[in-house]
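Asks: Questions regarding the structure given below will be posed in turn.
The values are calculated or read from the model by the stated rules, or taken from the named source; none is laboratory data. The structure presented is a predicted model; accordingly, all values stated were derived computationally and were not measured. As a convention, Cβ positions derive from the backbone with ideal geometry for all residues, glycine included, and neighbour counts pool all protein chains shown.
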Amino acid sequence: MTLSHGSLVTIDDLSNAEIEAVFSLADEMAGEIDKQLDVCKGKIMASLFFEPSTRTRLSFEAAMHRLGGNVIGVVDAKATSLAKGESIADMARIVGSYADIIVIRHPWEGAARVVADYSGVPVINAGDGGHQHPTQTLLDLYTIKKERHAIQGLNIALWGDLKYGRTIHSLIFALAKFGANILFCPSPGLEVPPNIVRKLITEYGGEIESKEETADRNKEGSFPIDAVYITPSSPHQLAMMPDVNIEVELRKGVDALYVTRPQKERFAEGEDREDKELPVVDKRLLRGKEFKKALVMHPLPRVDELAYDVDADPRSRYFKQAAYGVPIRMALLALLLDCKECVVKEDVVSAKGYDYPVYDRGYAVKCPNPVCVSVQETETKYLKPEFKIVNRDPLTLRCVYCEHGFEPGYVASVDWHEGKLDTKKYHSADSHFARKIKPGNLVLFDSESEARELGYKPSSYVKHASSRK
Ligand code: NCD
C-alpha cells in the first residue's frame, strides 16, 4: 500500500495511520542509514527553494542521497524563469518532466498546491509562506512520540509567533488529530489566526477556552497562556467537552514546550513592535514547576527567544529534533516515490472529512490574502479563485489555496427571476434574504461596485459600505 494522496501539501493529506507508517519506516531506515542506497536508485528529486533554508533543504537533499537518488535544484528564484514572469504552473510542468518528485519552498501561500496540481509528479510542500510546513510537523511529532511514546492526552504548549509560524499551523492540526491538548502561548498580537481556530472547532470537534488577561500574565515565573484547545476524547463524535479548566491543565504540567521565533519577514507594516515579546525561554523560566518534565522543542533557527543556556539542559530536544529530519524525509520520499510499500493500519483517529460546498464562479470575489498564490499577477492568468463555503451565518469562505478565511460583503443569486434584468439584485451577505440562497446559486462580491459593474442593482437588503460594521 502507498500513501493515499500522491503529494504532501498540507498535513491533512496524511491520515494518522499513514503518519504512523512514515514513522515506522523512518525507524527502520535510521537503524541502517547507510544501507539504503538501492531504495531510490535512479530517481531524481527537484529541490526548489525560493526562500532561505538550511535544515529543510539540506535534510531533504541528504535524505535523497542516502536513498541512492539524485538531486537537481535551485535556491534562488532570480536564477529561474520565474524572474522573467513565468507562472508557477508552467515551471511545475517543466520540472515535472525532468524529475520524479518535487520539493518546493515558496513565499506564496498555496504555491505548493499549484505545483502539485500541474507537475504530474508527487510534490512535497517544504513551506509555503506562513501557511503550512507539513514535513517539519512530521519530525516534530516523531520527536514527541520517541520521547513520550504516545501523543494522545499530552499537554503541548505552543510558544511565540502563532500567527505567521507555518510550522505551528501544521502542528496544531496534527496534534489535534492525535488527541493532544494544546496550550496557546502567543506573543501579544501574534495569536492563532481565526481560520485555524475555526477549523479546530468545526473539523476536529474541540473546544477553545480563553484565559482572561490577568495581572498574573506578566508576573515573573507565571506561564503566559492565552487559550487552551482540548481535543475531545472521542474525536469521531462532535462531543462537547465538560468545562475545561486551564489551571487544572497546567497543574498536570506541560509535556513539551514548542518555541518559535517571530517570523519578522512576514509581519505587516507596523507589526514589528517590541511589545510582541514573550519572556525569553531560558534556564530560569524552565524552573517553573509546570515545565518540570517538558521537552523543549524549536523548529530552528532561533534568534533571541531561546537562550543558549538551555542547550545543556537535559530537557532540550531541538538539535535531536532537527536531526530526525533525515530519516523522516527518507521515509517520506521512498513512500511517495513508490520505492517502498507501507502497511497502513486501519485509521482509528482521523479528522472528520468535511465536504463543504465549493464556490468557484471565478469572478468578483478574490482571496484577500496578499501573499496567496491565487492573487499574484503571473498566476491570475490561469488560476480561478476557488473557495469552500465553511459557514452560512455569517457567510464565510476559505480559499482552497492558502486556507485564508473571510466574509464577502455582498451576494446575489444566479436564479434571478427568469433573467429579467430589473430583478438582477444584490444583497448584503448578512441579510436574511442572502441566507436563503442555495450554495449552488450564490454569486459573491467583495464590494458593491463590483456587483454594479456586473449589472446587479442593490436590493432593499443592502446595507451600504458606510453603514456596514
Ligand atoms: C522553520 C520555517 O522555515 O518555517 N524552519 C524550519 O524549516 N526548520 C521555522 C522558522 O523559520 O522560524
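Asks: Cβ-Cβ distance below 8 Å, separation of 6 or more or different chains: which pairs start in segment 15-27 with a residue that is touching a residue at least 24 places away in the same chain (Cβ under 8 Å) and end on one that is of a type in the set (Ser, Thr, Tyr)?
Replies: Pairs that qualify, where the first residue is touching a residue at least 24 places away in the same chain (Cβ under 8 Å) and the partner is of a type in the set (Ser, Thr, Tyr), are 15/4; 15/350; 16/350; 17/350; 18/4; 23/142; 26/142; 26/324.
Asks: Inspect all residues belonging to segment 255-270 and state whether any of them is away from the ligand (no atom under 15 Å from the Cβ), over 17 Å from residue 165 (Cβ atoms), assigned to a loop (DSSP other than H, G, I, E, B) and in contact with a helix residue (DSSP H, G or I) (Cβ under 8 Å, 6 or more places away or on another chain).
Replies: yes
Asks: Oh, and also: Against the definition (over 22 Å from residue 372 (Cα atoms) and in a loop (DSSP other than H, G, I, E, B)), how does residue 121 come out, yes or no?
Replies: Answer is yes for this residue.
Asks: Pull up segment 142-157, narrow it to residues that are part of a helix (DSSP H, G or I) and either of a type in the set (Ser, Thr, Tyr) or crowded, with 24+ Cβ neighbours inside 10 Å (or both), then point me to the one that is farthest from the ligand (Cβ to nearest atom).
Replies: The selected residue is 144.
Asks: Among 296, 343, which is the only one that is under 22 Å from the mean Cα position of the chain (by Cα) and farther than 22 Å from residue 102 by Cα?
Replies: Criteria check complete, one pass: 296.
Asks: Another question, then. Please count how many residues of segment 289-314 are crowded, with 16+ Cβ neighbours inside 10 Å, assigned to a loop (DSSP other than H, G, I, E, B) and away from the ligand (no atom under 15 Å from the Cβ).
Replies: Qualifying residue count for the region: 2.
Asks: Select, from 69, 165, 160, the only residue that is in contact with a Lys or Arg (Cβ under 7 Å, 6 or more places away or on another chain) and within 16 Å of the ligand (Cβ to nearest atom).
Replies: 160
Asks: Something else now. I'd like the full set of residues that are in contact (Cβ under 8 Å) with a residue 60 or more places away in the chain, within 16 Å of the ligand (Cβ to nearest atom) and part of a helix (DSSP H, G or I), limited to segment 168-195.
Replies: Within segment 168-195, 168, 170, 171, 173, 174 meet the criteria.
Asks: Would a scan of segment 28-49 turn up a residue that is within 15 Å of the ligand (Cβ to nearest atom), of a type in the set (A, V, I, L, M, F, W, C) and not in a helix (DSSP H, G or I)?
Replies: Within segment 28-49, one or more residues are within 15 Å of the ligand (Cβ to nearest atom), of a type in the set (A, V, I, L, M, F, W, C) and not in a helix (DSSP H, G or I).
Asks: Tell me which of these residue 350 doesn't satisfy, since it passes every other one: (1) modelled with pLDDT under 95; (2) in contact with a Gly (Cβ under 8 Å, 6 or more places away or on another chain); (3) of a type outside the set (Phe, Trp, Tyr).
Replies: (2)
Asks: Output the residues belonging to segment 329-342 that are surrounded by 16 or more Cβ atoms within 10 Å (Cβ to Cβ) and either within 12 Å of the ligand (Cβ to nearest atom) or assigned to a loop (DSSP other than H, G, I, E, B) (or both).
Replies: Once the filter is applied, which keeps residues that are surrounded by 16 or more Cβ atoms within 10 Å (Cβ to Cβ) and either within 12 Å of the ligand (Cβ to nearest atom) or assigned to a loop (DSSP other than H, G, I, E, B) (or both), segment 329-342 yields 329, 337, 339, 340, 342.
Asks: When the residues of segment 56-76 are filtered to those that are out of contact with any strand residue (DSSP E or B) (no Cβ under 8 Å at 6 or more places or on another chain) and buried (at least 17 other Cβ atoms within 10 Å of the Cβ), which remaining residue is nearest to residue 133 (Cα to Cα)?
Replies: 59
Asks: Only residues in segment 136-155 that are among the charged types (D, E, K, R) count as the first member; pair them with residues that are assigned to a helix (DSSP H, G or I), Cβ under 8 angstrom, at least 6 apart or cross-chain, and list the lot.
Replies: What qualifies is 140/167; 140/171; 140/174; 140/321; 145/23.
Asks: In the list 112, 116, 126, which residue meets the criterion of being within 12 Å of the ligand (Cβ to nearest atom) and closer than 20 Å to residue 337 by Cβ?
Replies: The conditions single out 126.
Asks: For segment 302-332, give me each residue that is in contact with a Pro (Cβ under 9 Å, 6 or more places away or on another chain) and either under 17 Å from residue 136 (Cα atoms) or of a type in the set (Lys, Arg) (or both).
Replies: Scanning segment 302-332 gives 318, 321, 322.
Asks: If you don't mind, another one. I'd like to check something: does segment 93-103 contain any residue that is at positive phi, more than 16 Å from the ligand (Cβ to nearest atom) and free of Cβ contacts under 8 Å to residues at least 40 places away in the same chain?
Replies: No, because not a single residue in segment 93-103 is at positive phi, more than 16 Å from the ligand (Cβ to nearest atom) and free of Cβ contacts under 8 Å to residues at least 40 places away in the same chain.
Asks: Turning to a different aspect of this structure: When the residues of segment 424-443 are filtered to those that are among the small types (Gly, Ala, Ser) and outside any helix (DSSP H, G or I), which remaining residue is farthest from residue 411 (Cα to Cα)?
Replies: Looking at residues that are among the small types (Gly, Ala, Ser) and outside any helix (DSSP H, G or I), I get 431.
Asks: Search segment 358-401 for residues being aromatic (Phe, Trp, Tyr) and assigned to a loop (DSSP other than H, G, I, E, B), and hand back the single one that is nearest to the chain's Cα centre (by Cα).
Replies: So, considering only residues that are aromatic (Phe, Trp, Tyr) and assigned to a loop (DSSP other than H, G, I, E, B), the one nearest to the chain's Cα centre (by Cα) is 401.
Asks: Of the residues that sit in segment 98-118 and are part of a helix (DSSP H, G or I) and among the hydrophobic types (A, V, I, L, M, F, W, C), which one is surrounded by the fewest Cβ atoms within 10 Å (Cβ to Cβ)?
Replies: 116
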